[in-house]
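> The structure is given below, and queries will be raised subsequently.
Quick note: the coordinates plus some simple rules give every number you see, no bench work behind them. Model, not experiment: these values are computed from the prediction. With ideal geometry, Cβ positions are generated from the backbone for all residues, glycine too; neighbour counts draw on all protein chains shown.
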Amino acid sequence: MTPTRPFAAVFIAISLLGSSPVLSEVVRMQVDHRDAFADGHQFGRSGAYEKWTGRLYLEVDPLAVANERITDLKLAARNDRGRVEFWTDFFLLTPADPRKGNGRLLFGVNNRGNKLLLGAFNDRGGNDPSTLADAGNSFLMREGYTVLWCGWNADVLPGGGRLVMGVPVARQEGKPITGRIYAEIVVDSKAYSQPFYWGNSDIYPSVTLDNDDAVLTMRPNRTEPAVEVARDRWAFGRWENDQLTPDPTHVYVREGFRPGWIYELLYTSKDPRVIGLGFAAVRDCASFFRYAAADGHGQANPLAGAIERAYVFGISQSGRFIHHYIYEGFNADEQNRIVFDAAMPHVAGGGKGSFNMRFAQTTRYSSQHEEALYPTDVFPFTSVPQDDPLTGVKGDTLSEARRRAPLPKIFFTQTSAEYWNRAASLLHTNVQGTADSPLDPHVRIYYIAGAQHVVSGKPDPGIYKYPRNILDHRPVLRALLVTLDRWASSGEEPPASAYPTIAAGELVDLKTYGKMFPRIPGVQLPEVMYQPLRLDPGPRYWTEGIADHVPPKPGEPYTALVPAVDEDGNAVAGIRLPEIEAPLATYTGWNVRSAKCGAEGMLSRYIGAYFPLPRTADQRETAGDPRRAIQQRYPSRQAYLQRVTESVRALQQKRLLLEEDAAKILKRATDCQLWDQQ
C-alpha cells in the first residue's frame, strides 16, 4: 500500500515562498547534474524520476546549543559571521513532479561513502544509480519515495562514486594539534606492507618517517600477550616492485605480516579533522531538503513543499551512525525542528562509533577478533535508563534526544550475525546478561532469525571455513519500512518487537548454545563470541571527545548473549522466514576463519554459515547427521509447499511480508527440485 500523497495545493502554496527563503544552514546548493533517471521510465503513479547531484556548502554556529556536542568545533576557523564552514556532496533521486511522490524523504546514510540503500529495498543499487537496471525491483520508486544521500565521514577518499565531505582541522591558538593514534592491522594473506587502516580512508599520516617515536607489536589473537617488533624490522613505507618506498601512511614489515595476526601500531599524527561535523551535515542536509524554500543565495529547493515526513536508514556502519546521531541529540536542527520522524538502523548491533572524537577513525569497529580496542560498543546501550554495577555509571541512549526534540520512531533491525559479533543483545538486556531490559515506547527491535550481516556479494575466497549463509532478509526490510511509515505518519502501531529474551529461554550464553546445536558432521562449533570490553580512553573522552589513553585501557567485558536454536540449529525466536519455518538447511550468524588465512577458529566479522539438510533418510544415515532429512519432513513437493504457504501467510498477517514478496517466495518453493532427484 502506497502512503498518502500530499495535496498539490499545499505543494504549490509553499513553493511560492521561494522568493523569501527560510533560515537555513545550507548557504549554497551547487547543482552539478540534473538528469532523467532510468531514461524517464514511468514508475506507476510516481511517474518519472530525476537524479540531482552536486554539493552543499554549509556553515554552523559553534556557540549554538544544537552544535555543542561536536568535538573541537570551537577550535575550527570561523568566517566573518563567526560561523564554521564545511561542504558535502549530495545525491538525490526524486519524482520529476514532486506532487506525484508520497511526501516521504528517505535519507540513506552512506557506508564509507557508498550508497547501500537501494540495494536494501530495491535489491539493486550501486554508487551511481542511473539506469532502469539500477532501480532493481523499483520498490521505492513505485512507493513514491524521494531518496537522498550526502557525505558525512570526512575521512573517505574520493573516487568510485563515493560521497565525500570537506571539514576544517582543529587548531589550538592557531597552532597544529598533535596526538597519538592507535592503528590495528590484520591481513588474510601474507603481505609486506599495509596502510594503517581500511575502508577507502584518508589516513592520518605519521608526523615523521622515523619510527623511533612509534611502536609496532604483534600477537596471534587478543588473548595472547603482544610482542614488540624490533625497530630495525619495520618501517613507515610501501613494498612495491621489490623495493621499499617511504610512506607515512603505510607500515612495512621485513618478515611480512602473518595472516590472521593482530598488528598494533602506535604513532603520532597532527591536524585532527572536526569529524563530528558529519552529524551536522546529515542533519542540515535533510533539514534543508525537508523545510527550506531556498538556499542562502535564493536558489530554490527542488523539494520545497513536497515533503511531509522524513526517515533515515543505514546499514552496519551507517546504522551505528544513526544510533550515535540520535544519542548525541542531533535529530533537531539549529531551529529546533525535528529532522527525521523515524529511523531504521539496520545490522548495527549494540554499537555506535568513532564519529565524534579527536583523530576519529570512522571506519573502525570492534569485533570478536579484530579492533577490540576501538570504542564502538560503549555504555549506555538501552533505550531506557540502565546502570553498570561495575563502574557505577548510569544512562540511556535517548536522554539527549528527549531533551532536544520529539523522539523519532526507531526500528532496530538485526540478524543472527549481530548477536554473535556485534553484541546486539545488549540493546535489550542489562550489561551482566542476566535480565531483559524494557524498550522505550518509541523503539521496536526486530531480529531476523538465521540471517547474516550482508545479503549480497561474495565472501573472500578461502577465508571462511564453511559455506556462506544465503538467507535473503530484504523482504522483511520492505515490509518494515511500510509499517514504520504508517507508525510515524498516522500513529498506526507497528508489529510487536520480535527478538529473543532471557525470560523465555531464547537468549543464551556460548556454552548453552553449544549444547543446543546439533552435531552436524564436519562442523566444529565456534569456541568464541564477541564480548565487548569496558574501555577507558580517559576522563576527557566522554565529555570532550579527546582520548588520553591511546589505546584505551581494557577492562572487564560486558556480557553479550546469542539466540537459542532448535534441533536443526535454527534460531527459535524472532522473525522466522520460510527458510527457517520450513527448513531445507541450517542457517547461522557465525562462520569461522580457515587455517590458511590465520587466526583459525576466530569469527568472521560479517558472514554466517549454511549447512544443507540431508535429502533422503539414507543420506542422513550414511552421514550420521542428527537432523531429519528433507524427504522425511516433506514426503512430497506439495507437503513442502503447504508448510511454506503457512509460514508466508503467518508473516503477512503480522505485516512482516508484502504480497509481492510472498508471491516470489511461493514461486521459489514451487520450483524446488528436491523431489525430482530420485
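> Where does each of 105-115, 643-653 land if you order them by average Cβ count within 10 Å, highest first? If you can, show how the numbers build up before the last one.
Details: 105-115: 24.5, 643-653: 17.1.
Listed from highest to lowest mean packing, they are 105-115, 643-653.
> How many nm is it between the label spots at Leu510 and Arg78, if each spot is 7 Å from the Cα in line with the beta carbon?
Each label point lies 7 Å from its Cα, and together they span 5.1 nm.
> Also, I was wondering about something else. Taking the alpha carbon gyration tensor of the range 249-351, what are the square roots of 5 times its eigenvalues, largest first, to the nearest whole Å?
Square roots of five times the eigenvalues give 38, 18, 12 Å.
> Okay, next question. Viscosity 1.567 mPa s, temperature 4 °C: give me the Stokes-Einstein translational D for the range 561-613 in µm²/s, with Rh taken as the Kirkwood radius over C-alpha pairs.
D = 106 µm²/s.
> Put +1 on the Cβ of each Lys and Arg and -1 on the Cβ of each Asp and Glu in the range 376-506; which of Asn421, Ile502, Ser399 then has its Cα farthest toward the positive end of the dipole?
In the range 376-506, that residue is Asn421.
> Taking R0 as 45 Å, what FRET efficiency do you get between Gln638 and His41 from their Cβ-Cβ distance, rounded to the nearest 0.05?
Rounded to the nearest 0.05, the efficiency is 0.70.
> State whether the range 88-198 is rounded, prolate or oblate according to the following rule on the C-alpha gyration tensor (a ≥ b ≥ c being the square roots of its eigenvalues): a/c under 1.5 gives rounded; otherwise a/b larger than b/c gives prolate, and the remaining case gives oblate.
Because a/c hits 1.5 or more and a/b fails to exceed b/c, the range 88-198 counts as oblate.
> Right, next: Let me make sure I get this right: for the range 178-270, a, b and c are the square roots of the gyration tensor eigenvalues over alpha carbons, sorted descending. Under 1.5 in a/c it's rounded, otherwise prolate if a/b > b/c, else oblate. Which is it?
Since a/c stays below 1.5, the shape of the range 178-270 is classed as rounded.
> Give me the extension gain from Thr434 to Glu581: residue separation times 0.36 nm, minus the current Cα-Cα distance, reported in nm with one decimal.
Residue separation times 0.36 nm, minus the Cα-Cα distance, leaves 50.1 nm.
> Kirkwood hydrodynamic radius of the range 147-197 from all distinct Cα pairs, in Å?
Working: mean 1/r = 0.0673 Å⁻¹.
After inverting the pairwise mean of 1/r, the radius is 14.9 Å.
> Next question, about the same structure. Over the Cα atoms of the range 56-151, Rg to Rh with Kirkwood Rh, two decimal places?
1.11
> Mind ordering 474-480, 275-281 by average Cβ neighbours within 10 Å, highest first?
275-281, 474-480
> Using a Förster distance of 51 angstrom, determine the FRET efficiency expected from the C-beta separation of Glu567 and Leu132, and round it to 0.05.
0.65
> For the pairs Lys115/Lys190; Lys352/Lys553; Lys394/Lys553; Lys352/Lys515; Lys51/Lys100; Lys352/Lys409, flag any whose C-alpha to C-alpha distance is greater than 23 Å.
Pairs exceeding 23 Å: Lys115/Lys190; Lys352/Lys515.
> If you don't mind, there's one more thing I want to ask. Would you please classify the overall shape of the range 439-574 from the alpha carbon gyration tensor, given that a ≥ b ≥ c denote the square roots of the eigenvalues, rounded means a/c under 1.5, and beyond that prolate means a/b larger than b/c while oblate covers the rest? Mind showing how you got there, number by number?
Values: a/c = 1.61, a/b = 1.05, b/c = 1.52.
Because a/c hits 1.5 or more and a/b fails to exceed b/c, the range 439-574 counts as oblate.
> Which FRET efficiency value, to the nearest 0.05, is calculated for Asp271 and Arg540 with the Förster distance at 25 angstrom and r the Cβ-Cβ distance?
About 0.85, to the nearest 0.05.
> Out of the DSSP beta bridges found with both residues in the chain, what percent are antiparallel (nearest 5)?
Taking every DSSP beta bridge within the chain, about 75 percent pair in antiparallel fashion.
> Sequence-distant or interchain residues sharing an amide H contact under 5 Å with Phe257, placed H: which?
Under 5 Å from the amide H of Phe257: Ala191, Tyr192.
> Can you tell me which of 507-514, 463-470, 367-374, 445-452 comes out highest on packing, and rank the rest after it, using the mean Cβ neighbours within 10 Å?
The peptides rank, most packed first, as 445-452, 367-374, 463-470, 507-514.
> Do any cysteines in the chain lack another Cys Cβ under 4.7 Å, and if so which?
Those would be Cys597, Cys672, since no other cysteine Cβ in the chain comes under 4.7 Å of theirs.
> Going through the DSSP H helices of the chain, which span 30 Å or more along their own axis at the Cα atoms while scoring at least 1.0 as a mean Kyte-Doolittle hydropathy?
Numbers: long enough: none.
Result, helices passing both filters: zero.
> Just the number, please: Stokes-Einstein D of the chain in µm²/s, Kirkwood Rh from C-alpha pairs, 10 °C, 1.306 mPa s.
Diffusion coefficient, whole number: 60 µm²/s.
> If you stretched the chain out fully between Asp213 and Glu493, how much longer would it get, using 0.36 nm times the residue separation minus the C-alpha to C-alpha distance?
Length gained between Asp213 and Glu493: 95.0 nm.
> Once Rh for the range 458-508 is found with the Kirkwood sum over Cα pairs, what is the Stokes-Einstein diffusion coefficient at 4 °C and 1.567 mPa s, in µm²/s?
Rounded to a whole number, D works out at 89 µm²/s.
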